[in-house]
């Protein structure tokens, strides 16, 4: 069994720089607001060039880099980002274990048939991590504990690990150093019984874990059933245009989440957070499902036309709710025919969001001889049931007028007919006799007309084309 450990030394900072590319050219750090000295937790390349490293007090960091950008490090946010990475990597690797806040274990044993060699899984892993633009260090070993040390300290062999780098309490490290031990190799050369007697059983257990003789308790990763992401904006956004860049980043991750599951989201709940004002909720409905980033952005723009921001936005969250199966559109093999029309589900989503769900509907034919009662409204997007009488559908037009229109019969040439229909007073409010004909108008259009004997005039009931 081989374990791959992925160490993300500046995960939260990498994601912040992805949201604000301008920070890459400026010394930027994340500091621990809970620490008394507000020590630096993560620093980018520009900050390290100025001498600012992990553990540097924030006050000293300001002296070393005057034009430095400093943001508070949030453990909860980083754990969330780690799970997002695991969610994406899960598409290519099935056995993942979490080591929050900055590490993941991947069990390569179940994937041997898929990735027969190191080059294969390295290529797959690169494809999974490339969209996130994060720094990552790797370690591979038969023991998960050893793989973790190899990745975190960039060692080529487990015996090269220094005593100070072992995951032990400070008192135990001092005791090992007093014994004259410098590397893990020195420690492994001592008999186990002597180690247990002089240094304690904790060290013996650690060595067993590093050699793979004792299993570690790992936290297995379970892919989430819903998508939720909350991010801190790099700068306050005073308008909807200022939110588009951050929303686009979130929607790209949502798109990858949906594509990996073959699903489409039917509802988005967006929360906007301010410094002093209570949060503002924005609900975006998409009854027919959305998958792509452009679809989500277009719906948000339509919704934002009727919303006013209470104050400058400092954070936002996106929660996708409601799922439906989604089938990817297959492209032409030679790309000879590229459709420029808007997909039906996207058009219906936009119309219903702008006009209201109850105002966008489809027409369903129903088996009834009276034309006024031969159709009914259905919610747009629902499947249309086939007609029971195909010949009747062919004889009657698909486009019926909402109300019959009076016509001049001299502009029409009668064709197939007549079809006599008698109506009763409880159906239309009056008794009448009608003779229906297929007739062609002077313009060339084919219509469905009838003569009403009670009113002694001609009427247009619908159009065939």
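Of the residues 30, 4, 13, 104, only one is assigned to a strand (DSSP E or B), in contact with a strand residue (DSSP E or B) (Cβ under 7 Å, 6 or more places away or on another chain) and without any contact (Cβ under 8 Å) to a residue 60 or more places away in the chain; which? Break it down into steps so the answer makes sense when it comes.
Working: 4 fails: without any contact (Cβ under 8 Å) to a residue 60 or more places away in the chain; 13 fails: assigned to a strand (DSSP E or B); 104 fails: without any contact (Cβ under 8 Å) to a residue 60 or more places away in the chain.
Within the list 30, 4, 13, 104, the selection yields 30.
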In segment 178-215, what residues are surrounded by 14 or more Cβ atoms within 10 Å (Cβ to Cβ) and closer than 22 Å to residue 2 by Cβ?
184, 188, 206, 207, 208, 209, 210, 211, 212, 214
Checking 195, 203, 173 in turn, the sole residue that is assigned to a helix (DSSP H, G or I), within 28 Å of residue 43 (Cβ to Cβ) and in contact with a helix residue (DSSP H, G or I) (Cβ under 7 Å, 6 or more places away or on another chain) turns out to be 173
Is segment 77-90 home to any residue that is in contact (Cβ under 8 Å) with a residue 12 or more places away in the chain, part of a loop (DSSP other than H, G, I, E, B) and more than 27 Å from residue 130 (Cβ to Cβ)?
no
Would segment 276-294 turn up any residue that is over 23 Å from residue 307 (Cα atoms), in a loop (DSSP other than H, G, I, E, B), modelled with pLDDT under 85 and under 15 Å from the mean Cα position of the chain (by Cα)?
no
Taking residue 57 as meeting all but one of (1) under 24 Å from residue 242 (Cβ atoms); (2) surrounded by fewer than 18 Cβ atoms within 10 Å (Cβ to Cβ), write down the number of the exception.
(1)
Residue 52 is checked against (1) without any contact (Cβ under 8 Å) to a residue 40 or more places away in the chain; (2) part of a loop (DSSP other than H, G, I, E, B); (3) surrounded by fewer than 18 Cβ atoms within 10 Å (Cβ to Cβ) and fails just one. What number does that condition carry?
(3)
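Could you list, in sequence order, all residues of segment 222-242 that are over 17 Å from the mean Cα position of the chain (by Cα) and not in a loop (DSSP other than H, G, I, E, B)? Full working, then the answer.
The first filter runs over segment 222-242 and keeps only residues over 17 Å from the mean Cα position of the chain (by Cα), leaving 232-242.
Within segment 222-242, 232, 233, 234, 235, 236, 237, 240, 241, 242 meet the criteria.
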How many residues does segment 206-221 hold that are more than 17 Å from residue 166 (Cα to Cα) and assigned to a helix (DSSP H, G or I)?
0
Would you check if there is a residue in segment 248-268 being at pLDDT 90 or above and part of a loop (DSSP other than H, G, I, E, B)?
no
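The values are calculated or read from the model by the stated rules, or taken from the named source; none is laboratory data. Keep in mind that what you see is a predicted model, and the values were worked out from it rather than measured. We place every Cβ from the backbone using ideal geometry, glycine too, and count neighbours over all the protein chains shown.
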